[in-house]
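Undergrad: Next up is a structure, given as structure tokens.
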Amino acid sequence: MKTMVSPEAMGAEKASSSSFLRFLNLYLFFFYFSGVTHVLLQMTDATIFIGFRQAVYMSFLWLVPVLLLPRHTKAITAIIGIVLWATSLLSLAYFCVYHQEFSQSVLYILFESNPAESSEYVAQYFKWWMPLVYIAHTFAAWFLWQRVQPLAFSWRGKLVACLLIIVPIHVLPFIEDRFISHQSWDRVIDHMQRRMEPAEPWQLVMGYFQYRRQLGNMQALLEKNSALPPLANLQDQYAGKPGTLVLVIGESSTRLHWGLYGYPRDTTPNLDKMKDQLSIFTRVVSPRASTIEVLEQALTFADRDNPDAVMTKPSIMNLMKQAGYKTFWITNQQTITKRNTMLAYFSQLADVQRYTNNTRYQNSREYDSNVFKPFESALADPAQRKFIVVHLLGTHMKYEYRYPPEFDYFKDRTGLPDWLDDNKAQVVNTYDNAVRYNDYVLATLMKTLQAKGERSMLTFMSDHGEDVYDTPPYEFVGRNEGNPTLPMFAIPMFVWTSDQWKQDNPQNLGFALNREYSTAYFEQTWSDLAGLHYSGFDPSKSLVNTAFVQRPTWVGDPTFRDGMREIQQPALSSTQLAGQPPRLAQ
Ligand SMILES: [Zn+2]
């Protein structure tokens, strides 16, 4: 039996399915511009998912003007489309070259590096297929625009649709931030910007505002620094001698996962081979559990008793400049993000900067081999005396983003304790692979330096450690100053010197290797290593000085002294160096 359907009902069905299709076409048109790069970023596993998700949400907002003014749909979509197309082309071009997401750091590099350098980059990275990609992108946008049609919603329908779009995307997060979590306006606006930033055209617009703001903060710090008086009575033990002094700062590397320190897995094959050339310090800890907080103390005279010295006294970079060194800062860490303003400031204290990581999220794929070329060109600089800081991304989360596929070495449970289930074992594998890659990076830097055959010295220390299910009850990955454990602070540190360096400085550091030390006082050790002494130099805080005095190794926030704790290290035993990792709670 045939079912009779009235013509009206058929029309209504057709209308509703076609208005759904129209809605879909319109959304697709707006999403396309942000989506194209985000899909590529996800396909290449370049970064975490959050940017993609935000692009999906934010693309709904463009439907609001089209819903409210359906008669002008074509014109509105054309105007918005041109703006989105222009900024998306930039993001896409950036992806084609760097396989990463456009961010405010890119603007920083664009505006702060010299034009010759920028055009050099363009020439270096230009590939014949790139213009074809941009043309295809433009045609795809044109094709999607052709399919755009006005939405025939009733006024009530329009209102509901607009509310459904705006309320969850902007109103609810705003209420949550301002009225439930009682955040400051500054924070509320910052959160809103962060939510919008991954979508076009906000990548560029918000990126620009963020960049201007961070730049302002950084310049204020630089002005303060430039007003500081130089260190008094500076004496240089190596005055008049050429020399290249390198400080490599690692990231999130606990020495408890280094083969060089007795970890049972072969995580440091290259450094093991170079062992005889290294002075390896076995009991050094960091004073804090995050990069900037550590470097504020390690690179300046700030410590537990002098937390303000970060900005009231010169830094290591100032010291080296004052001693006549040309100073370089090469970093594979993010530059001008809000969190990293202090790092950008430190880098700007040097004469020359090379920034190799412009990703928006720390959790993005970016390898430390990025620093090799800038390191070589710094070494090639004709200056007689050079101080080069290399700041690595090391073994920072996400661990699997820290090494290329050929370094995927630890895959099974070999060498791992029983308390790790398979998921945890997989995390430890990625961490250990990152350590192994870091070993390759460090060895390469030293070999490059060695090949120059100059008077040179390289010191490595990790900024802080990391707990990777190392401490009972073996549930925690990362760092937490509120619940400090030894792996979070137990860092690797060593000094390498060239034969030419040893000629006029045959001193063996063997006497200092097992001293318990906090890098809160690192500037004093560095001064000694560089042969620089001045009013305010305190030999008792230098790890390599005969007048060294052992102090408690405090960890925590020095502006909240009552909350600080002393990190305890187990006594050194022969088994520890023979292959038993000291997996102990603090
Ligand atoms: Zn760090």
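The values are calculated or read from the model by the stated rules, or taken from the named source; none is laboratory data. Just so you know, these numbers come straight off a predicted model, no measurement behind them. Every residue, glycine among them, receives a Cβ derived from its backbone with ideal geometry; neighbour counts consider all protein chains shown. The area values use the complete protein model at the heavy-atom level, side chains included, leaving out ligands, DNA and RNA. Shrake-Rupley method; radii C 1.70, N 1.55, O 1.52, S 1.80 Å.
Undergrad: Given C-alpha coordinates of the stretch 185-266, what is the ratio Rg to Rh with the Kirkwood estimate of Rh?
TA: In the stretch 185-266, Rg relative to Rh is 1.21.
Undergrad: Compute, for PHE511, the solvent-accessible surface of its heavy atoms (probe 1.4 Å) with the complete set of protein chains present, and express it in square angstrom to the nearest 10.
TA: Counting only protein heavy atoms, the figure is 90 Å².
Undergrad: What nm distance separates the two modelled labels at ASN217 and ASP562, each placed 7 Å from Cα along Cα→Cβ?
TA: In this crude label model, ASN217 to ASP562 measures out at 2.9 nm.
Undergrad: Another question, if that's okay. Rounding to the nearest 20 debye, state how big the charge dipole of the chain is about its Cα centre with +1 on each Lys and Arg Cβ and -1 on each Asp and Glu Cβ.
TA: Around 1480 debye, computed over the chain.
Undergrad: Projected onto the charge dipole of the chain (+1 at Lys/Arg Cβ, -1 at Asp/Glu Cβ, origin at the Cα centre), which of HIS72, PRO472, MET564 gives the Cα projection farthest towards the positive end?
TA: HIS72
Undergrad: Further question on the same structure: Which is the longest part of the chain that has none of the trypsin sites (Lys or Arg not before Pro) sitting in a DSSP loop with at most 11 other Cβ atoms within 10 Å?
TA: 128-410
Undergrad: Another question, if that's okay. To the nearest 0.05, what FRET efficiency results for ARG147 and LEU68 with a Förster distance of 25 Å applied to their C-beta separation?
TA: 0.75
Undergrad: How big is the chain on each of its three principal axes, counting only the C-alpha atoms and giving the largest first in Å?
TA: That works out to 99, 55, 49 Å along the principal axes.
Undergrad: Suppose only helical runs count, i.e. DSSP H with n ≥ 4. What mean residue ellipticity at 222 nm does that imply for the chain under -39500 (n - 2.57) per run, divided by all residues and rounded to the nearest 500 deg cm²/dmol?
TA: Counting only the DSSP helices, I get -14000 deg cm²/dmol.
Undergrad: When the dipole is taken about the Cα centre of the stretch 456-550, and only Lys, Arg (+1) and Asp, Glu (-1) are charged at their Cβ, what size is it in debye, to the nearest 20?
TA: Values: 4 positive and 12 negative charges, 59 e Å.
In debye, rounded to 20, the stretch 456-550 gives about 280.
Undergrad: Which sequence of ILE180, ILE292 reflects their accessible areas, 1.4 Å probe, from the largest down? Don't jump to the answer; show the numbers that get you there.
TA: On the way: ILE180 110, ILE292 10 Å².
If we order ILE180, ILE292 from most to least accessible, we get ILE180, ILE292.
Undergrad: On the full set of protein chains, 1.4 Å probe, figure out the accessible area of TYR98 and give it in Å² to the nearest 10.
TA: 80
Undergrad: Next question. Cross-link list LYS398/LYS424; LYS241/LYS447; LYS273/LYS452; LYS127/LYS386: which exceed 25 angstrom alpha carbon to alpha carbon?
TA: Violating the 25 Å limit, Cα to Cα: LYS127/LYS386.
Undergrad: With every protein chain kept in the model, how would you rank LEU234, LEU84, LEU69 by accessible area, 1.4 Å probe, largest at the top?
TA: Reading off the accessible areas and sorting them downward yields LEU69, LEU234, LEU84.
Undergrad: Would you mind calculating the gained length between ARG515 and MET43 on full extension (0.36 nm times residue separation, minus the Cα-Cα distance), in nm to one decimal?
TA: Full-extension gain reported as 165.1 nm.
Undergrad: Quick check on the stretch 360-438: what are the equivalent-ellipsoid semi-axes from the Cα gyration tensor, as sqrt(5λ), descending, whole Å?
TA: Working from the Cα gyration tensor, I get semi-axes of 33, 13, 10 Å.
Undergrad: Got a sec to turn the phi values of the stretch 452-466 into Karplus ³J(HN,Hα) couplings, 6.51 cos²θ - 1.76 cosθ + 1.60 with θ = phi - 60°, whole Hz, x for Gly and Pro?
TA: 6, x, 10, 6, 9, 9, 10, 10, 10, 8, 7, 5, 7, x, 6
Undergrad: Quick one: grab the alpha carbon gyration tensor of the stretch 307-395, order the square roots of its eigenvalues as a ≥ b ≥ c, and give me rounded if a/c is under 1.5, else prolate or oblate depending on whether a/b is larger than b/c.
TA: oblate
Undergrad: Same structure again: Give, in nm to one decimal, the length gained when the segment between TYR57 and PHE209 is fully stretched (0.36 nm per residue of separation minus the Cα-Cα distance). Each step should come with its number before you reach the end.
TA: Values: separation 152, 0.36 × 152 = 54.72 nm, distance 2.15 nm.
Gain on stretching TYR57 to PHE209: 52.6 nm.
Undergrad: Calculate the tail of P(r) for the stretch 281-329: the fraction of all Cα-Cα distances greater than 19 Å, expressed in %.
TA: On the way: 412 of 1176 pairs.
Roughly 35 percent, once rounded to a whole number.
Undergrad: Projected onto the charge dipole of the chain (+1 at Lys/Arg Cβ, -1 at Asp/Glu Cβ, origin at the Cα centre), which of THR448, GLY415, TYR403 gives the Cα projection farthest towards the positive end?
TA: Of the listed residues, the answer is TYR403.
Undergrad: Filter the chymotrypsin sites (Phe, Trp or Tyr not before Pro) in the stretch 16-61 down to the DSSP loop ones having no more than 14 other Cβ atoms within 10 Å, then list what survives. Walk me through the numbers before you get to the answer.
TA: Numbers: sites: PHE20, PHE23, TYR27, PHE29, PHE30, PHE31, TYR32, PHE33, PHE49, PHE52, TYR57, PHE60; in loops: PHE49.
Loop-located and lightly packed - PHE49.
Undergrad: Something else now. Which of rounded, prolate, oblate describes the stretch 468-509, given a ≥ b ≥ c as roots of the alpha-carbon gyration tensor eigenvalues and a/c under 1.5 marking rounded, otherwise prolate only if a/b is larger than b/c? Intermediate results must be reported in sequence, preceding the final value.
TA: On the way: a/c = 5.09, a/b = 4.30, b/c = 1.18.
Prolate shape, in that a/c is at least 1.5 and a/b is the bigger ratio.
Undergrad: What angle, in degrees between 0 and 90 and rounded to the nearest 10, separates the Cα long axis of helix 202-226 from the longest principal axis of the Cα atoms of the chain?
TA: Helix 202-226 sits roughly 30 degrees off the main axis of the chain.
Undergrad: With charges only on Cβ, +1 for K and R and -1 for D and E, what is the dipole size of the stretch 130-251 about its Cα centre, in debye, rounded to 20?
TA: 440
Undergrad: Something else about it: Can you bin the stretch 218-361 into rounded, prolate or oblate? Criterion: square roots of the alpha carbon gyration tensor eigenvalues sorted a ≥ b ≥ c, rounded for a/c under 1.5, prolate for a/b above b/c, oblate for the rest.
TA: prolate
Undergrad: Here is a follow-up. Have a look at the DSSP beta bridges in the chain and tell me what percent are antiparallel, nearest 5.
TA: 40
Undergrad: Between 0 and 90 degrees, rounded to the nearest ten: what's the tilt of helix 115-125 against the longest Cα principal axis of the chain?
TA: Here the helix axis deviates by roughly 70 degrees.
Undergrad: Let me ask you something else. How large is the Rg to Rh ratio of the stretch 480-568 when both quantities use alpha carbon positions and Rh follows Kirkwood?
TA: Rounded to two decimals, Rg over Rh is 1.03.
Undergrad: Further, regarding this structure: I'd like the orientation of helix 422-451 relative to the chain: the angle between its Cα long axis and the longest Cα principal axis, in ° from 0 to 90, rounded to 10.
TA: Helix 422-451 and the main axis of the chain meet at about 60 degrees.
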